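Engineer: The structure follows.
The values are calculated or read from the model by the stated rules, or taken from the named source; none is laboratory data. Computed from a predicted structure; not experimentally measured. With ideal geometry, Cβ positions are generated from the backbone for all residues, glycine too; neighbour counts draw on all protein chains shown. With ligands, DNA and RNA removed, areas are computed over all heavy atoms of the protein, side chains included. Shrake-Rupley method; radii C 1.70, N 1.55, O 1.52, S 1.80 Å.
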Amino acid sequence: MWLYLLKRTVLAVAIIVIAVTLVFFMIHAVPGDPATALLGPRATPEMIAQLHQQMGLDKPLAVQLATFFGGLLKGNLGLDVVSQRPVADIIFEQLPYTIDLIIVSILWAVAIAVPLGCYSAMKRNSVIDQIVGVMAVATIAIPSFVMAVYALLIFAVTLHWLPAIGAGEGFSDSLVHLILPAFAIGIGWIGYISRLVRASMLEILGENHVRMARSFGISEWRIVSRYALPLAILPTVTIIGVGIAWLLSSAVFIEVVFARPGIGALIVKAVNTRNYAIVIGAVLVTTVLTVVATTVSDLIAASIDPRTREKL
């Protein structure tokens, strides 16, 4: 296990370095001068040159990249020249909103998808199984930002049941403001996870230890919940860890549609203004989140099924 953690740590560092380096060169390749975008069209050449110096843009790209990684080793993500605040403070102010959105989206999707997948496997080829299959494919096919727009128009604009924009104030108000964004992200995962659980459950229900349990007269629900589900849930745990990157990318669109604060909306704003420090810092944090989530999902899978520890 310790050797596995060491390998994953080395791999995580390599992934972070590659991701940040790629984003660094990509954002510098985007047309437009960040100083002009921040100062406006009336900025004088002297003002632009001064801002270039403050942002370190007067130095070669290799020197800028080395400076960033040097500051990163000291725990410093740089300074935002617009607000004159540390980049880390700005990012970690917005990050909790995105994490809350992702957690709520996953929790409600898993709470519905896992029972649906189990029931579909138990009632294989029944009418209910076919209806669940059609609904699952339909929810997977609809992009989250399309679902967000229609949910906003129906439940917020037309019916006035739920708030349309913002993150709310206080615990209960924040939960209400999370309903529509979490619905838009999680609805696709219901279909995906339910089909994944169904396929895994059908495979496990045909194994010898399940047949032996049936021969002893154990009820089907007990067999499913105690013997089959713990093994069938393993692919779902792994997929959720890997899918954190997809959830973060979906959160970008959802936060823009619902005008929510969050790291996705922060990245969009920073890209539009060519704020290099914010973009690179945000990409670094999201990459770390993805790597950590993937590692944690693998460890959870190993704790559920001891047989997978041999593969670590």
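Engineer: Test Gln94 against the criterion of being within 14 Å of Ile280 (Cβ to Cβ), touching a helix residue (DSSP H, G or I) at 6+ places or on another chain (Cβ under 8 Å) and not in a strand (DSSP E or B), and give yes or no.
Structural biologist: no
Engineer: Still on this model: Take the range 156-181 and flag every residue that is of a type in the set (A, V, I, L, M) and assigned to a helix (DSSP H, G or I).
Structural biologist: Ala156, Val157, Leu175, Val176, Leu178, Ile179, Leu180
Engineer: If I ask for residues that are touching a residue at least 24 places away in the same chain (Cβ under 8 Å), among the charged types (D, E, K, R) and part of a helix (DSSP H, G or I), which ones from the range 254-281 would you list?
Structural biologist: Listed by number, the list holds a single entry, Glu255.
Engineer: Now for a different question. Taking Arg42 and the conditions (1) under 28 Å from Arg274 (Cβ atoms); (2) under 21 Å from the mean Cα position of the chain (by Cα); (3) open to solvent by 70 Å² or more (accessible area, probe 1.4 Å), which numbered condition does it fall short on, given that it satisfies the others?
Structural biologist: (2)
Engineer: Looking at Val252, Val288, Val271 in this structure, which one is closer than 25 Å to Thr139 by Cα and surrounded by fewer than 22 Cβ atoms within 10 Å (Cβ to Cβ)?
Structural biologist: Working: Val288 fails: closer than 25 Å to Thr139 by Cα; Val271 fails: closer than 25 Å to Thr139 by Cα.
Among Val252, Val288, Val271, only Val252 is closer than 25 Å to Thr139 by Cα and surrounded by fewer than 22 Cβ atoms within 10 Å (Cβ to Cβ).
Engineer: Check Gly191, Gly243, Gly186, Gly264 and return the single one that is surrounded by 15 or more Cβ atoms within 10 Å (Cβ to Cβ) and in contact with an Asp or Glu (Cβ under 7 Å, 6 or more places away or on another chain).
Structural biologist: Details: Gly191 fails: in contact with an Asp or Glu (Cβ under 7 Å, 6 or more places away or on another chain); Gly243 fails: in contact with an Asp or Glu (Cβ under 7 Å, 6 or more places away or on another chain); Gly186 fails: in contact with an Asp or Glu (Cβ under 7 Å, 6 or more places away or on another chain).
Exactly one of Gly191, Gly243, Gly186, Gly264 is surrounded by 15 or more Cβ atoms within 10 Å (Cβ to Cβ) and in contact with an Asp or Glu (Cβ under 7 Å, 6 or more places away or on another chain), namely Gly264.
Engineer: Take Arg260 and tell me if it is basic (Lys, Arg), on the phi < 0 side of the Ramachandran plot and within 18 Å of the chain's Cα centre (by Cα).
Structural biologist: Against the criterion (basic (Lys, Arg), on the phi < 0 side of the Ramachandran plot and within 18 Å of the chain's Cα centre (by Cα)), Arg260 qualifies.
Engineer: I'd like the full set of residues that are over 18 Å from Ser200 (Cβ atoms) and polar (S, T, N, Q), limited to the range 73-128.
Structural biologist: The answer is Asn76, Ser83, Gln84, Gln94, Thr98, Ser105, Ser126.
Engineer: How about the range 59-68: which of its residues are loosely packed, with under 13 Cβ neighbours inside 10 Å and either acidic (Asp, Glu) or not in a loop (DSSP other than H, G, I, E, B) (or both)?
Structural biologist: Once the filter is applied, which keeps residues that are loosely packed, with under 13 Cβ neighbours inside 10 Å and either acidic (Asp, Glu) or not in a loop (DSSP other than H, G, I, E, B) (or both), the range 59-68 yields Leu61, Ala62, Val63, Ala66.
Engineer: Right, another one. Tally the residues that are touching a helix residue (DSSP H, G or I) at 6+ places or on another chain (Cβ under 8 Å) and among the charged types (D, E, K, R), restricting the search to the range 141-195.
Structural biologist: The number of residues fulfilling the criteria is 1.
Engineer: Restricting the first residue to the range 50-72 and requiring it to be under 16 Å from Ala19 (Cα atoms), which pairs with a second residue that is surrounded by 12 or more Cβ atoms within 10 Å (Cβ to Cβ) and of a type in the set (A, V, I, L, M, F, W, C) meet a Cβ separation below 6 Å and a spacing of at least six or different chains?
Structural biologist: Within 6 Å, the pairs are Leu65/Phe24.
Engineer: Let me spell it out: the conditions are (1) in a helix (DSSP H, G or I); (2) small (Gly, Ala, Ser); (3) within 17 Å of Ile99 (Cα to Cα), and Ser200 meets all of them except one. Which number is the exception?
Structural biologist: Here Ser200 clears every test but (3).
Engineer: If you go through the range 200-219, how many residues are surrounded by 11 or more Cβ atoms within 10 Å (Cβ to Cβ) and within 26 Å of Thr238 (Cα to Cα)?
Structural biologist: Result for the range 200-219: 9.
Engineer: Answer yes or no as to whether Ala19 is open to solvent by less than 30 Å² (accessible area, probe 1.4 Å), closer than 24 Å to Val285 by Cα and part of a helix (DSSP H, G or I).
Structural biologist: Working: open to solvent by less than 30 Å² (accessible area, probe 1.4 Å): yes; closer than 24 Å to Val285 by Cα: yes; part of a helix (DSSP H, G or I): yes.
So Ala19 fits the description; yes.
Engineer: Related question: If you scan the range 93-111, which residues turn out to be open to solvent by 60 Å² or more (accessible area, probe 1.4 Å) and hydroxyl-bearing (Ser, Thr, Tyr)?
Structural biologist: Of everything in the range 93-111, just one residue is open to solvent by 60 Å² or more (accessible area, probe 1.4 Å) and hydroxyl-bearing (Ser, Thr, Tyr), namely Tyr97.
Engineer: I would also like to ask the following. Is it the case, given these coordinates, that Ala184 is closer than 18 Å to Gly264 by Cβ and modelled with pLDDT under 85?
Structural biologist: When the stated conditions are applied, Ala184 does not pass them.
Engineer: Turning to a different aspect of this structure: I'd like to check something: does the range 71-92 contain any residue that is under 30 Å from Trp189 (Cα atoms) and open to solvent by 60 Å² or more (accessible area, probe 1.4 Å)?
Structural biologist: yes
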